[in-house]
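Bear in mind that the values in this text are calculations on the coordinates, not laboratory data. Computed from a predicted model, the values in this text were never measured in an experiment. Cβ: placed from backbone, ideal geometry, glycine included. Neighbour counts: every protein chain shown.
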């Protein structure tokens, strides 16, 4: 297994980057409600096979509570080759955002989408390729969405495959219905 680095802690509930700082040799989290530098951990849970730590925190100054997530990530970068030939580093948050958009107003939890993104990232990293095409990422995302919710799958496919007319939608829906 490849070496891991501690990634940025970010708020799950609010999707905002938190300010990390060092105080007396320890990395601390600032409250993003009031900016105070004293927060305490109320509860800690692991998920995603131990690669993610969720912490429920409370600000000692304003008493607001919030959840942070710490994720271990591989230090080896994955490069995504876009359709126009540009290269970008793989961004799991960008992928998660795309899945969230496809699932808007549907009964799908963010945790389920985060698990899907983790599975996609694991498949990409297991391929041992430093560079992957955006097409491969999109196909893996569509496979995951097909298992999660059919409407989300069609929404994502319509953007990913650039549907231009109603016949594209009906063809994709027909293909989906044939598989059932």
Shape call, segment 79-178: gyration tensor on alpha carbons, a/c limit 1.5: oblate
Part-to-part distance (alpha-carbon centres) for segment 33-63 and segment 141-155, which is given in Å: 32
Gyration tensor verdict on segment 110-152 (Cα atoms; rounded if a/c is under 1.5, prolate if a/b is larger than b/c, oblate otherwise): oblate
Average Cα contact separation per residue, segment 46-149, under 8 Å, 6 or more apart, as relative contact order %: 24
Residue 173-residue 128 FRET efficiency (beta carbon distance; Förster radius 41 Å; 0.05 resolution): 0.70
Relative packing of peptides 33-46, 134-147 - highest average C-beta neighbours within 10 Å first: 134-147, 33-46
